[in-house]
1. Taking amide hydrogens as modeled 1.01 Å from N in the peptide plane, which residues meet the under 5 Å criterion relative to V74, leaving out close sequence neighbours?
2. Sorting H109, H388 on the 10 Å Cβ count, fewest up front, what's the list?
3. Quick one: Karplus J couplings for segment 100-108, per residue in order, coefficients 6.51, -1.76, 1.60, θ = phi - 60°, nearest Hz, x for Gly and Pro?
4. Determine the distance separating the Cα centre of segment 146-209 from the Cα centre of segment 238-299; give it in Å without decimals.
5. Output needed: percent of Cα pairs per 10 Å distance bin for segment 170-258, bins running from 0 to the one holding the longest distance.
6. Taking the Cα centre of each part, how many Å lie between segment 347-364 and segment 366-426?
7. Through the Karplus equation 6.51 cos²θ - 1.76 cosθ + 1.60, θ set to phi - 60°, convert the phi angles of segment 83-88 into ³J(HN,Hα) values in whole Hz; use x for Gly and Pro.
8. Calculate for the chain the 222 nm mean residue ellipticity that helices alone would give, adding -39,500 (n - 2.57) per DSSP H run of length 4 or more and normalising by residue count, nearest 500 deg cm²/dmol.
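Laboratory data are not the source of any read-out in this text; all were calculated from the coordinates shown. Please read all numbers here as calculations on a predicted model, not as lab measurements. In this analysis, Cβ positions are derived from the backbone assuming ideal geometry, glycine residues included, and neighbour counts consider all displayed protein chains.
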Amino acid sequence: MSATVVVGCQWGDEGKGKLTDLLAREMQMVVRYQGGHNAGHTVVVNGRTFALQLLPSGVLYHHVTPVIGNGVVVDPKVLLEEMAALTAAGVDCSRLVVSGGAHLIMPYHQELDALTERYLGRNKLGTTKRGIGPAYADKSARVGIRVQDLLDPKIFREKLDVVLKEKNLILAKVYNRLPLSASDIADRYLDEYAPKLAPFIGDTVGLIGDALAAGHDVLLEGAQATFLDLDHGTYPFVTSSNPVAGGACVGAGIGPLSVTSVIGVAKAYVTRVGSGPFVTELHDETGDLLVERGREYGTNTGRRRRTGWLDAVMLRQAARLNSLSELALTKLDVLDTFETLKVCVAYESEGRRYDRMPYHQTVLHKATPVYEELPGWQADTSAATELHHLPAAAKDYVHFVSEQCGVPIKLVGVGPGRDQFVRFAS
Ligand code: IMP
């Protein structure tokens, strides 16, 4: 029995999709455990780019059962479109199983997400406006509508009628918007989406439990990342779910002792989309170069990502929060042209040094990075497939990061292709 969690260690977009795709070769099941179509996993297969939003990366393999767990929020329209696009590209999606316990993203979630952001003005969170936060808020408030409700039209309509009354009041009285029609929504969800999704809805807790009991290898694929975690991220500039490894147990419905390893994924530098503190952020041409070389634009929203030097304080915290067994460092090739590189080893704020992530966010907002400078390698690493292909300075950089966070780095990404990885034994 083996359950491996893949978790992002920064603010998302670390290349989890690519790593999951690589690991999925050895797995029988890949499970998404939180988030929704705010995620954007890019996988390049045979030169073709697939941008997955909701489907687990394992869907691209015939031998893998892809599962959308109970912790995910599902926009059925997006899921069906994604399945149709992949099917048209020759990918078989028929093995997909969607948890009946997953919550549905409804049209009012998306509308309220955008309206709340506008209402917050300069304090906005910079959400993806996909309705993620409002859908999880309804789940917590116990007025959410679940995937299984699609199979019971009477219950679906009853729940929708109750919740829409309140949503329409908010839309009309707070935001001066037109009310939404319950029957229009119900017709679309029940007549259009439900028949198409019904064959895929199932008991994923039972399915995953059986797979583990049968000794199968299960991969739990996190979306977003540790510092976007609702509890452990840079609140309120976070997503509304728990990407940390502990969230995998809740969002897939397995016990913690079932998890056998946790693989963290971090970029060789840092990026962030949306608002919130970012201690090593670069506002100069070095930052622009990282954007340009790393093609740092959102997979999903096209937004330019903020960029900065690697932050070891974050990685230490990620190691602690996720019980990382190992780390994969991605996009090392983006650093190929730099003469020198910086790694943040501690923060400083008001004369005090912080080796550990300060618990108080005000400190984080004021913190400045304490850097160690390392020599660059100024050589193309993108064709490296073996450790000895990498320049000594590149290996030193990887070892330094590993030492700083106390976690072995076993894989290093050197390009977007499925096989552009170097195996390391640090
Ligand atoms: P939400 O998840 O759409 O509510 O957005 C909340 C925050 O998480 C915003 O700063 C988003 O930019 C960020 N976010 C959500 N999903 C991703 C992702 O997949 N990669 C990077 N950032 C994300």
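1. Amide H to amide H, under 5 Å and 5 or more residues apart or across chains, V74 pairs with H103, L104, I105.
2. Going from sparsest to densest Cβ surroundings: H388, H109.
3. x, x, 5, 8, 8, 8, 10, x, 5
4. What the calculation gives is 31 Å, centre to centre.
5. Histogram of Cα-Cα distances, whole percents per bin: 14, 23, 27, 29, 6, 1.
6. 27
7. Coupling constants for segment 83-88: 5, 5, 5, 5, 4, 4 Hz.
8. Working: 13 runs with 129 residues, N = 426.
So the calculated ellipticity at 222 nm is -9000 deg cm²/dmol.
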